[in-house]
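Below is one structure, written out as structure tokens, with a few remarks after it.
The values are calculated or read from the model by the stated rules, or taken from the named source; none is laboratory data. Fair warning: this is a prediction, and the values are worked out from it, not measured in the lab. When we count neighbours, we look across all protein chains shown, and the Cβ atoms used for this are built from the backbone with ideal geometry, even at glycine. Only protein heavy atoms, including side chains, enter the accessible area calculation; ligands, DNA and RNA are left aside. Shrake-Rupley method; radii C 1.70, N 1.55, O 1.52, S 1.80 Å.
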Amino acid sequence: MQIIPSHGVDLVKVGDLRSQVEERVGPAMHGPGGERAVYDTEPWLVVTYGGDETVGVVELSYASRTELVPVHFAGVQLTCRFLDDVVADLHALGYTSEPSDIGHEFHAGFAVCSSPSLSAIDIDPTADEDDERRVATMVSVAPASYFFGEDEEADAEG
């Protein structure tokens, strides 16, 4: 699945109504009607809704029910890879970011995150069990202001 920075993905975009999302992808498999809902797509789609029932944040995990399913942007595989490699590839394309506790937030309107659910050995069979390289496991997409505040969104648009 491809992301669209600041907007989401083809199936779900920031600002869509919950009813529109569920018309396209079906009912949530976890959290139906709640602020966060998980949809059974390839890869799993996690949507955070605002109080007005519109999409605020679109997240994609690395997994589906049975396999690792990578997320892409600009020809770069964003998940199921070492986080440092993902960041280096995006920086080489001219995208800028700031590190966060769990990954990197990109000024274009997305973040690539790492969680302990995957380790180096899961994607590199030659890795040592003590390999501390972080694996990118999730991508969050939202307007730049979600990550950086209102001033950053104006900078990203201009």
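Some points to look at:
- One decimal place: the segment His30-Glu129 gains 32.4 nm when fully extended, by the rule 0.36 nm per residue minus the C-alpha distance.
- Computed [θ] at 222 nm, helices only, for the chain once each DSSP H run of length n ≥ 4 contributes -39500 (n - 2.57): -5500 deg cm²/dmol
- With all protein chains kept in place, the per residue accessible area of the chain amounts to 51 square angstrom at a probe of 1.4 angstrom.
- Largest GNM mean-square fluctuation among Ala136, Ala74, Ala111, using the chain with Cα springs under 10 Å: Ala74.
- Computed magnitude of the charge dipole of segment 2-41 (debye, nearest 20; Cβ of K, R +1, Cβ of D, E -1): 80 debye
- Think of the chain as having a plus end and a minus end, set by charges on the Cβ of Lys, Arg, Asp and Glu; of Gly26, Ala120, Val57, Gly26 sits farthest toward the positive end of this dipole.
- ³J(HN,Hα) computed for each position of segment 24-35 - Karplus, 6.51 cos²θ - 1.76 cosθ + 1.60, integer Hz, glycine/proline x: 7, 10, x, x, 5, 8, 9, x, x, x, x, 5
- Solution diffusion estimate, µm²/s, Stokes-Einstein, segment 35-74, Kirkwood Rh from C-alpha pairs, 4 °C, viscosity 1.567 mPa s: 120 µm²/s
- The share of Cα pairs per 10 Å bin across the chain, counted from zero up to the longest distance, runs 11, 39, 35, 13, 1 percent.
- Under a model in which nothing but the beta-carbon of Lys, Arg (+1) and Asp, Glu (-1) is charged, the chain shows a dipole of about 520 debye around its Cα centre.
- Given in Å, the Rg to one decimal and the Dmax to the nearest whole number for the Cα atoms of segment 53-124 are 12.7, 41.
- Per-residue ³J(HN,Hα) for segment 39-47, Karplus 6.51 cos²θ - 1.76 cosθ + 1.60, θ = phi - 60°, Hz, x for Gly and Pro: 10, 7, 10, 10, x, 4, 10, 10, 10
- A simple packing score, the average count of other Cβ atoms within 10 Å per residue, orders the peptides 42-53, 25-36 as 42-53, 25-36, with the highest score first.
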